[in-house]
Amino acid sequence: MLVSHVGSWMQFTALGYYIDDLTREPIYLGLLGLSQAVPRLLFAFLGGVLADRVDRRRLLLITNGVLMASAAVLTALAFSGRLQVWHILSISAFNSLANSFDMPARQSMVPLLVGEGQLISAVSLNTMAFNGSGIFGPSVAGVIVAAAGVPACFLVNTLSYTAVIAALVAIRVPSTRAGGHAPVSRDIAEGIGLLARHRHLLAVLGMVAVMNFFGRPYIRLMPALAREALGVGPTGLGLLQAAPALGTVAAVFVIGAIGQTSAKGRLLAGAATATGAAVLLFAMSPLFVLSLALLVLVGTSQAVAMAAANTVLQTSVQPEQRGRIMGIYGMVTFGMLTLGTLPMGALAGAIGVAPSLGLGGIVVMLCVGLIVATSPRLIRPDPRPVPPA
């Protein structure tokens, strides 16, 4: 995953730089986010249902093969000089559709590899594999874009999928294919029923939604912020994109120190509040070096929050329900992140990128406080797994 995600981060950085350089309008970065949000919102839960019905390893082999083919198409268009904004939006939407089935299977397979007592550490390592690879991916992307152009980043990403496919072929995990032939509609109803019966799960997902919608659009708006507020080019942009990933690595040590003893809901609330505060300070920073340091703090706090939320959700349901709860989690996490980019991009076009990001950080802190006040169970000791319906 580390190798594959380095390529994904390179493509992520190169796409943002290409669109911003071509259009010079933050709203197009918002449209890129919207193109990724809609498929995830529509299909992530269905992807979770499928992850509970089929062998997860085989499903991951299919999704990664499809994503590799999509990256190859993007590479061919870029090298031919035919790549346009509508191509990028279409391919990004297709990739989001594929990831709607990839993410629930990948996340719900983690508990099969470790014991429940080690789950939060395993989840944090899984998060680090994605975000931690962002230490190298954006930095390398900045150098490659400056030296060889955007298409070279897409080519590296295409080749990087061979690493995760090879690992999936080699790994051996218990088969997760569900028994019986229950209708899909019954699985969907059961997944929705989990949220209706257990309100603390709604509180967790609400906090994740707020943090991703208002607090994390800085990821997509970074190219505009780098140009508008900090005055740096592709190399500086690569360093800015890499800084939160460095914080993700630090989060592994934070979780290792306090994650096993702290109530996960309390850990989630504290880390989400810290994320909002760090985003606010980052938006106010006029200095490149200070911005890098604050982004490391943002990465640390948000990784701790996401690992805590993931753990609460997976330990609150039965193993055969984890695909569905991870489908909902993926829908909220990535869907809200990309969906939030559009209004934040429009707001950035009206009042500036930095003020819009700062406002988002304030909203995160206020909403987290409101959720904690209305859902006190969230910060109580960790709940026991929910019995089957």
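With 0.36 nm allotted per residue and the present C-alpha distance subtracted, the A72-L22 stretch has 15.8 nm of extension available. Computed from the C-beta positions of R186 and I351, the FRET efficiency with R₀ = 45 Å rounds to 0.40.
With all protein chains present, how much of the accessible area of the chain (probe radius 1.4 Å) comes from carbon and sulfur, to the nearest whole percent? Carbon and sulfur atoms account for 70 percent of the accessible area of the chain. Computed FRET efficiency, Cβ-Cβ of T235 and I62, R0 41 Å: what is it to the nearest 0.05? Calculated transfer efficiency: 0.65. Amide H contacts of V232: R227, each under 5 Å away and 5 or more positions distant or on a separate chain (H built 1.01 Å from N in the peptide plane; Pro and chain starts excluded). Shape class of the range 1-76 from the alpha-carbon gyration tensor: oblate, with a/c at 1.5 or above and b/c at least as large as a/b. Rounded to the nearest 0.05, the FRET efficiency derived from the C-beta distance between T374 and L113 at R0 = 51 Å is 0.90. Look at the Cα gyration tensor of the range 110-172: its axes a ≥ b ≥ c give a/c of at least 1.5 with a/b at or below b/c, and that counts as oblate. The helix-only estimate of mean residue ellipticity at 222 nm for the chain, built from DSSP H runs of length n ≥ 4 each weighted as -39500 (n - 2.57), is -27500 deg cm²/dmol after division by the residue total.
Maximal additional length on extending the L159-A257 stretch stands at 31.6 nm, based on 0.36 nm per residue less the C-alpha distance. Per residue, the chain exposes 39 Å² of solvent-accessible protein surface, assessed with a 1.4 angstrom probe and all protein chains in place. Computed from backbone phi, the HN-Hα couplings of the range 144-154 come to 5, 4, 5, 9, 10, x, 4, x, 4, 5, 5 Hz, rounded to whole numbers (Karplus: 6.51 cos²θ - 1.76 cosθ + 1.60, θ = phi - 60°; Gly and Pro given as x). For the chain, the calculated P(r) over all alpha carbon pairs, in 20 Å bins from 0 to the bin holding the longest distance, is 30, 61, 10 percent.
Taking other residues whose beta carbon is less than 15 angstrom from the beta carbon of A167, and scoring Lys, Arg as +1 and Asp, Glu as -1, yields +4. Using alpha-carbon pairs under 8 Å, 6+ residues apart, how would you state the relative contact order of the chain in percent? Relative contact order for the chain comes out at 31 percent. Shape class for the range 277-389: prolate, because the ratio a/c of the largest to smallest gyration tensor axis (alpha-carbon atoms, square roots of eigenvalues) is 1.5 or more and a/b beats b/c. Between Q118, Q321, Q241, the residue with the greatest mean-square fluctuation in the GNM of the chain (Cα pairs under 10 Å linked by springs) is Q118. Applying the Karplus relation 6.51 cos²θ - 1.76 cosθ + 1.60 with θ = phi - 60° to the range 234-251 yields 3J(HN,Hα) values of x, 5, x, 4, x, 5, 5, 5, 7, 4, x, 5, 4, x, 5, 5, 4, 4 Hz, where x marks Gly and Pro.
The residue list A148, A122, L112 was ranked by how far each Cα lies along the charge dipole of the range 54-167 toward its positive end, using unit charges on Cβ atoms, and A148 comes out on top.
Its Cα centre serving as origin, the chain has a Cβ charge dipole (Lys and Arg +1, Asp and Glu -1) of approximately 740 debye.
In the elastic network of the chain, a GNM with C-alpha springs shorter than 10 Å, the most mobile of S375, S301, S80 is S80.
The values are calculated or read from the model by the stated rules, or taken from the named source; none is laboratory data. Computed from a predicted model, the values in this text were never measured in an experiment. With ideal geometry, Cβ positions are generated from the backbone for all residues, glycine too; neighbour counts draw on all protein chains shown. Keep in mind that these areas ignore ligands, DNA and RNA; they rest on the heavy atoms of the full protein, side chains included. Shrake-Rupley method; radii C 1.70, N 1.55, O 1.52, S 1.80 Å.
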